[in-house]
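Trainee: Take this structure first; my questions come after.
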Amino acid sequence: MRIGIPKEIKTGENRVALTPAGVIELRARGHEVYVTKGAGVASGFGDTQYLSAGAQLLDSVAAVYEAADLIVKVKEPQLQEYALLTNRHCLFTYLHLAASRSLTDALLASGASCIAYETLTDSQGRLPLLAPMSEIAGRMAVQAGAHHLEAAQGGKGVLLGGIPGVAPAKVLILGGGVVGANAAAMAVGLGAQVRVMDKSIARLRHLDDLWRGRVICEYAVQERVNDCARNADLIIGSVLNTGASAPKLVTRELIRQIEPGSVLVDVAIDQGGCFETSRPTTHQQPTYREEDVIHYCVANIPSAVGRTATLGLTNATLTYILRLADGGLASLKADSGFRAGLNIHAGQLTHQGVADSFGLPARDPLTLL
């Protein structure tokens, strides 16, 4: 198969979809790999490394789309890429369609088969391709929150871990999944007072067993969410509804009651955000102030550590890329977890969560493949 690795053109995106080591694996199976010149530079992988691995370097993103049948990316196609996708393409990337009707419509119109990293599941129902980026995002959410609590950044001037005689900052984490667990680990490590709220008793029990009282694990009823949010210095939103829009757990009215200079980090912004006042930001301009509270809503947080993120992503995706390259879309038929990644095929929505976000029907992918 002909596999294309286009350079990411989303603002501030430093990752690349495949390392040179991944190219070697594909070439060993007889596949052709096309890479845009400079695609890996921001994550520390130069063109000579891709050439040595056996890739063919092309001058433009458009040339890669033209040459390849399987397009492997990191982020969703940008506006200027929409016209490059056709019905002969299979696209494998993070899509987060529930956050963008325009992208969804464009991919439906293209006729391409679109497989989303973030909805693909393993045999235990976990999200193996979302996990490595969620680990990074959770850890970085605490770093970002701690930084923006500093007075020089407009924050209230609170040190996350406090000092002897001065209480540590209060960190509230909404959602105890992979992002939330990694955020909790970082916040505990910095000495903060940490509370995780979730609606899964099993997940709360797991975190409680892990932290043995160092993290307060509490069931997320809205009244308690509101009470804890009012008193928090840093709130991290990490709630995920697979494929669907994130629920708005913190309203504008509640944010008005939070102490000025507090920080909100919305890791769910890719799925529309879980704070009512959230809107996407970039690494170049990561924050804005609304209702006198600092909002950090960067839509590609792991890009800040592009090399670590690229290595982690390739470790997770390579097995699936090899399966697609070897067997095409037929490899989805016998694997329901892999098939759960298929969001769009033949001009039809094939993921119920995405369809529900827009009030549209979804087709069973098995009837289309």
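Every read-out reported here was derived from the displayed coordinates using simple, explicitly stated rules and does not represent laboratory data. It should be emphasised that the depicted structure is a prediction, and the values quoted were computed from it without experimental measurement. So basically every Cβ, Gly included, is an ideal-geometry build from the backbone, and we count neighbours across all protein chains shown.
Trainee: Give me the number: length gained by fully extending residue 151 to residue 86, i.e. 0.36 nm times residue separation minus the C-alpha to C-alpha distance, one decimal in nm.
Mentor: 18.4 nm
Trainee: Please work out whether segment 89-146 counts as rounded, prolate or oblate from its C-alpha gyration tensor, where a ≥ b ≥ c are the square roots of the eigenvalues and a/c under 1.5 means rounded, while otherwise a/b larger than b/c means prolate and anything else oblate?
Mentor: On the way: a/c = 3.19, a/b = 1.61, b/c = 1.99.
It comes out oblate by the Cα gyration axes.
Trainee: Nearest-5 percent of antiparallel DSSP beta bridges in segment 131-299?
Mentor: If I count the DSSP bridges inside segment 131-299, around 20 percent turn out antiparallel.
Trainee: Past the 27 Å Cα-Cα mark, which pairs from 170/248; 75/170; 156/248; 73/170; 170/199?
Mentor: Where the Cα-Cα span goes over 27 Å, the pairs concerned are 75/170; 73/170.
Trainee: Mind jotting down the distance between the C-alpha centroids of segment 260-294 and segment 133-177, whole Å?
Mentor: Spelled out, the Cα-based centre of one part sits 14 Å from the other.
Trainee: Could you sort the peptides 75-87, 15-27 by per-residue average Cβ neighbour count (10 Å cutoff), highest mean leading?
Mentor: Details: 75-87: 16.6, 15-27: 23.2.
Ranked by mean Cβ neighbours within 10 Å, highest first: 15-27, 75-87.
Trainee: Compute the distance from the alpha-carbon center of segment 179-216 to that of segment 82-97, in whole Å.
Mentor: Rounded to whole Å, the Cα centres lie 37 Å apart.
Trainee: Given R₀ = 56 Å, FRET efficiency for residue 251-residue 56 by Cβ-Cβ distance, to 0.05? Let's see the in-between values first.
Mentor: Working: r = 52 Å, r/R0 = 0.93.
Result of the calculation: an efficiency of 0.60.
Trainee: Obtain the nm distance between the two label points defined at residue 200 and residue 230 by a simple spin-label model: each point lies 7 Å from its Cα along the Cα-to-C-beta direction.
Mentor: Rounded to a tenth, the inter-label distance reads 3.0 nm.
Trainee: Among 245, 123, rank each residue by its count of other Cβ atoms within 10 Å, from fewest to most, as a rough exposure measure.
Mentor: Final ranking by Cβ density, sparse to dense: 123, 245.
Trainee: Next question, about the same structure. Cut-off is 10 Å between beta-carbons; in what order do 173, 136, 201, 235 appear when sorted fewest neighbours first?
Mentor: Listing 173, 136, 201, 235 from fewest to most nearby Cβ atoms yields 201, 136, 235, 173.
Trainee: Within segment 80-102, name every residue whose backbone N is under 14 Å away from a label modeled 7 Å from Cα of residue 362 along the Cβ vector.
Mentor: Label zone hits: 96-99.
Trainee: If you take every DSSP beta bridge whose two residues both sit in the chain, what share of them, in percent to the nearest 5, is antiparallel? Walk me through the intermediate numbers first.
Mentor: Details: 9 of 48 bridges.
About 20 percent, rounded to the nearest 5.
Trainee: If you don't mind, there's one more thing I want to ask. Is segment 131-299 best put as rounded, prolate or oblate by its Cα gyration tensor, with a ≥ b ≥ c the root eigenvalues, rounded for a/c under 1.5, and otherwise prolate when a/b is larger than b/c, oblate when not?
Mentor: In terms of gyration-tensor shape, rounded.
Trainee: Here's a follow-up. Compute the angle between helix 201-211 and the longest alpha-carbon principal axis of the chain, please, reported from 0 to 90 degrees and rounded to the nearest 10.
Mentor: Once rounded, the angle reads 70 degrees.
Trainee: Moving on. Spelling out what I want: for every residue of segment 146-153, take phi, set θ = phi - 60°, compute 6.51 cos²θ - 1.76 cosθ + 1.60 (Karplus), and round to whole Hz; glycine and proline get x.
Mentor: 4, 5, 7, 6, 5, 4, 5, 9
Trainee: Let me ask another. Would you compute, from DSSP H runs of 4+ residues alone, the mean residue ellipticity of the chain at 222 nm, taking -39500 (n - 2.57) per run and dividing by the full residue count, rounded to the nearest 500?
Mentor: Theoretical 222 nm ellipticity from helices: -9500 deg cm²/dmol.
Trainee: If you rank 148, 31 by fewest surrounding Cβ atoms within 10 Å, what's the result?
Mentor: Ranked by crowding around the Cβ, least crowded first: 31, 148.
Trainee: Still on this structure: Quick check: pseudo-label points 7 Å beyond the Cα along Cα→Cβ at residue 209 and residue 126, how many nm apart are they?
Mentor: 1.4
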